[in-house]
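Asker: Pasting in a structure now, in C-alpha cells, and then I'll have a few things to ask.
The values are calculated or read from the model by the stated rules, or taken from the named source; none is laboratory data. Here the structure is a predicted model, which means the values were calculated and not measured. Neighbour counts run over all protein chains shown; Cβ positions are idealised from the backbone, glycine included.
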Amino acid sequence: MRLSLNQLDQLILHRDGVDDVVDVRLRRSFPWTRPTELVSIRDDKGKEVVLIERLEDLEIEQRKLVEHWLAQNSFLPEIISVMKVNNDFGYQLWHVLTDRGPVEFRVQEREDIRFLPDGRFSVKDVDGNSDGVPRADRLDPASEKAIQGII
C-alpha cells in the first residue's frame, strides 16, 4: 500500500492489483492514548479500507505524508483553562479556554467524560466534538476547582 496526493490535494490510496481509492480520509482510532497506532484509512463513504497498525512501520516519506495529513485535518482541541462548569439543568455546561480559543459546550452524560490512564481525560459534547483535558494537577487552581465535582 502507498499513499499520495493528487493535484486537488486529495489523498489517494494505491494498492497492488486493486483500483486506486481517491480522496481517502485518515482517522486515529485512539487519538489521545495511541496517536501513532491504529490509523484507519477510509474511503469517501467512511468505510475502512486499510488499517495502519503502527506509523513507525511506514517508510519515512509515507509516515511524513500521513502525519502531515492528520495534523492538517484533525480537530482535537486541548482545554487550557476551565472557567466554569454549570450542573444546574441536568447536564453540564462547560465554559473553557482551548488552544483554539474560548468555547462553551454541553455534556449530556457522565459517560461522555473518558478518563485516560495517565490522568488526562477527554470530554465529548452533545454535538459529538471532543476536547482533551490535561491532568488536573497541570491546570491552574481555578480550573482545578471548577472540575472538582467532575473528576
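Asker: Just checking, does region 2-11 include any residue being of a type outside the set (Ser, Thr, Tyr), part of a strand (DSSP E or B) and more than 22 Å from the chain's Cα centre (by Cα)?
Answerer: The answer is yes, given that some residue of region 2-11 is of a type outside the set (Ser, Thr, Tyr), part of a strand (DSSP E or B) and more than 22 Å from the chain's Cα centre (by Cα).
Asker: Could you say which residue among 56, 61, 37 is exposed (fewer than 12 other Cβ atoms within 10 Å of the Cβ) and either touching a Ser or Thr at 6+ places or on another chain (Cβ under 8 Å) or polar (S, T, N, Q) (or both)?
Answerer: 56
Asker: Based on this model, can you work out whether residue 116 counts as of a type in the set (A, V, I, L, M, F, W, C) and closer than 24 Å to residue 34 by Cα?
Answerer: In short, yes.
Asker: Same structure again: Can you pull out every residue in region 12-34 that is surrounded by 13 or more Cβ atoms within 10 Å (Cβ to Cβ) and of a type in the set (Phe, Trp, Tyr)?
Answerer: Matches in region 12-34: 32 only.
Asker: If you don't mind, there's one more thing I want to ask. Would a scan of region 76-88 turn up a residue that is surrounded by fewer than 17 Cβ atoms within 10 Å (Cβ to Cβ), more than 20 Å from residue 122 (Cα to Cα) and assigned by TED's automatic domain parsing to the domain that holds residue 139?
Answerer: Yes, some residue in region 76-88 is surrounded by fewer than 17 Cβ atoms within 10 Å (Cβ to Cβ), more than 20 Å from residue 122 (Cα to Cα) and assigned by TED's automatic domain parsing to the domain that holds residue 139.
Asker: If I ask for residues that are among the aliphatic types (A, V, I, L, M), out of contact with any helix residue (DSSP H, G or I) (no Cβ under 8 Å at 6 or more places or on another chain), within 30 Å of residue 15 (Cβ to Cβ) and assigned to a strand (DSSP E or B), which ones from region 46-103 would you list?
Answerer: 49, 50, 51
Asker: Restricting attention to region 18-40, which residues are over 17 Å from residue 64 (Cα atoms), in a strand (DSSP E or B) and touching a residue at least 12 places away in the same chain (Cβ under 8 Å)?
Answerer: 21, 22
Asker: Can you find even one residue in region 112-121 that is in contact with a Lys or Arg (Cβ under 6 Å, 6 or more places away or on another chain) and aliphatic (A, V, I, L, M)?
Answerer: Checked region 112-121: no residue is in contact with a Lys or Arg (Cβ under 6 Å, 6 or more places away or on another chain) and aliphatic (A, V, I, L, M).
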